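The numbers here are math on the coordinates, done by the rules we state, and not lab data. Fair warning: this is a prediction, and the values are worked out from it, not measured in the lab. A quick note on method: Cβ atoms are made from the backbone with ideal geometry, for glycine too, and the neighbour counts reach across all protein chains shown.
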Amino acid sequence: MNEPLPLAAAEATCRLKGDDSGLVSFFVLTFLTSWAVWGLAFLPHFDLPFFRIPTPAGLAERFGKDAPVALLTLGAYAPTAWGIYFTRRRCGNAGLRELFARLGRVRVPVIWLVAVILLPALCNTLTAGLITWSTGRAPKFSAGYLTPQFILWVMAFGGPMNEELGWRGFALPRLLQVRSPLVASVGLGLIWALWHLPLFFVAGSAQRGGPLAAYIVIVICLSIFMTAAHLGTGGSLLVAVLFHTAGDAAAPLWRPSAPFNPLYGVLPWLFVAGTIVFCRRTVWLVRPSKYQYAQCHQIQPNA
């Protein structure tokens with residue numbers, strides 16, 4: 001009796017207010033909350049001890065000794081917090097049970113588990129190879145980041161759990177009801193990338209000083225892959241969290257010793273995203289009305 005309801009049964013219990021899916025409110029409140037929290041870092045003489053906690057062991061090289069780690073983490077939890085809130089508001093407790101059931105959905109095709117774990121490291125290694133080929137200077141390999149402590153820290157505080165219950169848990173399924181998978185992926189990827197914009201100016205953030213245009217393209221490619229994984233695993237949020245974790249954990253594996261063309265970091269992910277869309281283009285361009293992944297905002301409210 002305590003088992004999570006299947007998707008259709010969970011959605012059939014939704015109580016709705018009109019036809020609004022809650023997407024606009026979700027995106028607006030997510031941006032406002034995260035940007036307001038991260039904006040504290042721009043205040044003059046900002047030096048609250050709670051936010052200037054020492055960086056956890058092994059992370060100082062990536063985030064900086066005095067990075068406001070707690071501040072960055074707190075702001076990053078807005079997508080998940082609002083995703084849970086709007087799921088509860090639109091679909092009730094049954095919707096929440098289904099959301100968390102998707103987070104624990106481990107029975108998925110093995111190929112997706114292998115892909116989400118290995119693909120980020122593979123793409124970063126290809127980027128390092130392109131840099132070596134073009135500059136003659138091989139990036140430094142930092143295997144020390146592949147530790148259980150670092151990976152678990154990244155999963156809990158570095159982005160995956162902070163964000164995925166919002167982006168892929170709440171937003172993506174609803175976007176897929178009004179847009180084709182390709183349009184939904186590109187749109188969500190662009191929103192996801194621009195949400196990070198303040199972090200390009202916060203000392204100690206992973207985005208600080210990076211090329212914005214290349215970052216946007218890569219995030220859109222990541223979004224396309226994550227939509228493919230979503231479709232291939234029946235909406236498993238566990239797969240989304242694992243991929244996000246693998247991507248963040250693999251990011252510091254290679255350290256270029258000199259500036260390089262950002263295109264080298266974009267090319268591997270463009271190839272992955274292009275291959276996914278090309279090989280299943282009839283699926284990626286299908287009209288939403290033909291896409292059989294019902295969401296609660298399409299279910300008629302109970303009397």
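Between Ala36 and Phe201, the simple label model (points 7 Å from Cα in the Cβ direction) yields a spacing of 1.9 nm. Of the two radii for region 197-243, the radius of gyration is 1.12 times the Kirkwood radius, both from the alpha carbons; that is the Rg over Rh value.
Here's how it looks for Trp254: its modeled amide H is under 5 Å from those of Ser142, which are all 5 or more places away or on a different chain. By the count of neighbouring beta-carbon atoms within 10 Å, fewest first, Cys279, Cys221 end up ordered Cys279, Cys221.
Taken as Cα centroids, region 213-289 and region 79-107 sit 24 Å apart, rounded to the nearest whole angstrom. Stretching Arg287 away from Leu103 to a fully extended chain increases their span by 63.5 nm, per 0.36 nm per residue minus the current alpha-carbon distance. The gain in end-to-end length when the Trp133 to Asn93 segment is fully stretched comes to 9.0 nm, 0.36 nm per residue minus the alpha carbon separation. Report note on the peptides 244-254, 196-206: ranked by the mean count of other C-beta atoms within 10 Å, highest first, their order is 244-254, 196-206. For region 58-185, the normalised intensity computed at q = 0.15, 0.18, 0.22 Å⁻¹ comes to -0.99, -1.21, -1.34 (log10 of I(q)/I(0), Debye sum over alpha carbons, equal scatterers, no solvent). In this simple spin-label model, placing a label point 7 Å from the Cα along the Cα-to-Cβ direction at both Cys279 and Leu43 gives a separation of 5.0 nm.
Evaluated over the Cα positions of region 133-177, the convex hull gives a direction-averaged projected area, one quarter of its surface, of 5.7 nm².
Sorting Cys123, Cys91 by the number of Cβ atoms found within 10 Å of their own Cβ, with the fewest placed first, yields Cys123, Cys91.
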